[in-house]
């Protein structure tokens, strides 16, 4: 009887593991953009795995020239990127431990790289930070369904436009970042 219960529990556990696994892998980079020492936004760069990239290319590179033109980028946006709005673009930001939802995203671009991997590049605007002296920003990419896995690339973040030494940045291989400025 104990053996039957063990096997049943094992099957239930394995079933859940099989269902919840990543189907898409994304290498991330975040460029934190400052203007007059105030964070204005984050340029997000996602480089996709080859399987997902092939799917996007097959459906959106209509003229098969291995480049996305304006019309094809619009097709990528509508067919693949736009629906991520419902998941806050898998991007979670806290400023001074206050969660910032409903992100304002602009300047979406899709690129086919020489290695045939697709890259998305987009900008997240950060507002209303002037007047707050010391800030801590935490950024994390996370898909709660576990169908998308994020990892930090070799050059996973940059600081642009900030006075030298005014920003401390930390990251780890799980695509989580923290700024103190």
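Key figures
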{"read-out": "Within the stretch 94-106, tally of residues that are in contact with a strand residue (DSSP E or B) (Cβ under 8 Å, 6 or more places away or on another chain) and either part of a loop (DSSP other than H, G, I, E, B) or closer than 11 Å to residue 122 by Cβ (or both)", "value": "6"}
{"read-out": "Subset tally (residues that are more than 11 Å from residue 162 (Cβ to Cβ) and either at pLDDT below 90 or out of contact with any strand residue (DSSP E or B) (no Cβ under 6 Å at 6 or more places or on another chain) (or both)) for the stretch 30-52", "value": "2"}
{"read-out": "Test: residue in the stretch 48-66 that is touching a residue at least 40 places away in the same chain (Cβ under 8 Å) and part of a strand (DSSP E or B)", "value": "yes"}
{"read-out": "Qualifying residue in the stretch 20-28 (condition: surrounded by fewer than 16 Cβ atoms within 10 Å (Cβ to Cβ), on the phi > 0 side of the Ramachandran plot and in contact with a strand residue (DSSP E or B) (Cβ under 7 Å, 6 or more places away or on another chain))", "value": "no"}
{"read-out": "For residue 79: the one exception among (1) touching a helix residue (DSSP H, G or I) at 6+ places or on another chain (Cβ under 7 Å); (2) in a strand (DSSP E or B)", "value": "(2)"}
{"read-out": "Residues within the stretch 169-181 that are farther than 14 Å from residue 93 by Cβ and modelled with pLDDT of 75 or more, tallied", "value": "2"}
{"read-out": "Filter result for residue 109 (assigned to a strand (DSSP E or B), at negative phi and either surrounded by 11 or more Cβ atoms within 10 Å (Cβ to Cβ) or in contact (Cβ under 8 Å) with a residue 60 or more places away in the chain (or both))", "value": "yes"}
{"read-out": "Any hit, the stretch 75-83, residues being more than 22 Å from residue 141 (Cβ to Cβ) and surrounded by 13 or more Cβ atoms within 10 Å (Cβ to Cβ)", "value": "yes"}
{"read-out": "Sole residue being surrounded by 13 or more Cβ atoms within 10 Å (Cβ to Cβ), at pLDDT below 90 and part of a strand (DSSP E or B), chosen from 137, 129", "value": "137"}
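The values are calculated or read from the model by the stated rules, or taken from the named source; none is laboratory data. Keep in mind the model is a prediction, meaning the values are calculated, not measured. Note that each Cβ is placed from the backbone with ideal geometry, even for glycine, and that neighbours are counted across all protein chains shown.
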